[in-house]
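The values are calculated or read from the model by the stated rules, or taken from the named source; none is laboratory data. In this text, all values refer to a predicted model and were calculated from it rather than measured experimentally. Every residue, glycine as well, gets a Cβ built from its backbone with ideal geometry; the counts of neighbours run over all protein chains shown.
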Amino acid sequence: MVRTVAIAATALALLIGSPAALAEPADDDGTTFAIGMCYDPAKPPQQRPASFAYNCDGTGVMTDMTWTSWGSDGARGTGTDVAVECQPNCAQGRTLRNPIVVHAWNPVTAPNAECPRNVQFFTDLTIAYPHDAPPWIQPGDTWSPGTEFVTVDGMPAVAYSGLIPTCRPL
């Protein structure tokens, strides 16, 4: 009886998994990787996130993400962009859903001492639209310093550069 319970408990633990077992494996030196934009130090760095709020305010969220690579050479994934067209304002704007191709690269350790030392943050990120792009994505335009609208592999895209987290709660 005791053996049956022990086997069942072990099987359940393997089936459910522990948070540590489910965590993204680190590089050989223990380094993990995260997207530097909108990082909240109150939460663990997201590894291969299924969803990610890239505008930090909920008006732009990558959802249903599937990552084909994630590490020191960068990250590549596909999913759906759920963005709010803030016309006449963000509260009343329509929600747009578009397939996306995401690429993040150039991981660095954040210069802020409040950031975790074993995490390297991707400082560059592109979100490309293989089908329809939101109307504000016009290649050749600049949204703000470090945010430009470009073309990536023939697709309209938004390119973010210099994404260094502050490691202060959002």
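Of (1) within 21 Å of R48 (Cβ to Cβ); (2) without any contact (Cβ under 8 Å) to a residue 40 or more places away in the chain; (3) exposed (fewer than 15 other Cβ atoms within 10 Å of the Cβ); (4) not hydroxyl-bearing (S, T, Y), V82 satisfies all except one. Which?
Every listed condition holds for V82 apart from (3).
Which residue pairs have Cβ atoms closer than 7 Å, lie 6 or more positions apart in sequence or on different chains, and pair a first residue in the range 40-56 that is closer than 14 Å to C167 by Cβ with a second residue that is hydroxyl-bearing (S, T, Y)?
Short answer, once both residue conditions are applied: P45/T32; P45/Y39.
Does D73 meet the test of being surrounded by fewer than 16 Cβ atoms within 10 Å (Cβ to Cβ), charged (D, E, K, R) and closer than 15 Å to T31 by Cβ?
Taking the combined requirement at face value, the residue satisfies it.
I'm checking my understanding of the structure. Among residues of the range 53-68 that are part of a loop (DSSP other than H, G, I, E, B) and in contact with a strand residue (DSSP E or B) (Cβ under 7 Å, 6 or more places away or on another chain), which one is surrounded by the most Cβ atoms within 10 Å (Cβ to Cβ)? Write out each step before concluding.
So the first thing to find is which residues in the range 53-68 are part of a loop (DSSP other than H, G, I, E, B), and the list is 54-59.
Filter once more, so that each one left must be in contact with a strand residue (DSSP E or B) (Cβ under 7 Å, 6 or more places away or on another chain): 54, 59.
Working: Y54: 20, T59: 16.
Checking each candidate, the answer is Y54.
Being under 17 Å from A53 (Cβ atoms), loosely packed, with under 15 Cβ neighbours inside 10 Å and of a type outside the set (D, E): is that true of T95 here?
Against the criterion (under 17 Å from A53 (Cβ atoms), loosely packed, with under 15 Cβ neighbours inside 10 Å and of a type outside the set (D, E)), T95 qualifies.
Residue check: is A91 among the small types (G, A, S), touching a Cys at 6+ places or on another chain (Cβ under 9 Å), without any contact (Cβ under 8 Å) to a residue 24 or more places away in the chain and assigned to a loop (DSSP other than H, G, I, E, B)?
In short, no.
So in the range 118-134, with the set limited to residues that are out of contact with any Pro (no Cβ under 7 Å at 6 or more places or on another chain), part of a loop (DSSP other than H, G, I, E, B) and modelled with pLDDT of 90 or more, which one is nearest to T78 (Cα to Cα)?
This residue is P134.
Quick check on the range 150-164. Is at least one of its residues part of a loop (DSSP other than H, G, I, E, B), more than 30 Å from Q87 (Cβ to Cβ) and either touching a residue at least 24 places away in the same chain (Cβ under 8 Å) or not acidic (D, E) (or both)? Working first, answer last.
At the first step, the residues of the range 150-164 found to be part of a loop (DSSP other than H, G, I, E, B) are 153-154, 161-164.
Keeping just the survivors that are more than 30 Å from Q87 (Cβ to Cβ) gives 164.
Among the residues that remain, those that are also either touching a residue at least 24 places away in the same chain (Cβ under 8 Å) or not acidic (D, E) (or both) are: 164.
Within the range 150-164 (the criterion being part of a loop (DSSP other than H, G, I, E, B), more than 30 Å from Q87 (Cβ to Cβ) and either touching a residue at least 24 places away in the same chain (Cβ under 8 Å) or not acidic (D, E) (or both)), the answer is yes, since at least one residue qualifies.
I'd like the full set of residues that are closer than 20 Å to Q87 by Cα and either without any contact (Cβ under 8 Å) to a residue 40 or more places away in the chain or in contact with a strand residue (DSSP E or B) (Cβ under 6 Å, 6 or more places away or on another chain) (or both), limited to the range 108-138.
D132, A133, P134, I137, Q138
What number goes with the only condition from (1) assigned to a loop (DSSP other than H, G, I, E, B); (2) at pLDDT 50 or above that E24 does not pass?
With respect to (1) assigned to a loop (DSSP other than H, G, I, E, B); (2) at pLDDT 50 or above, E24 is out only on (2).
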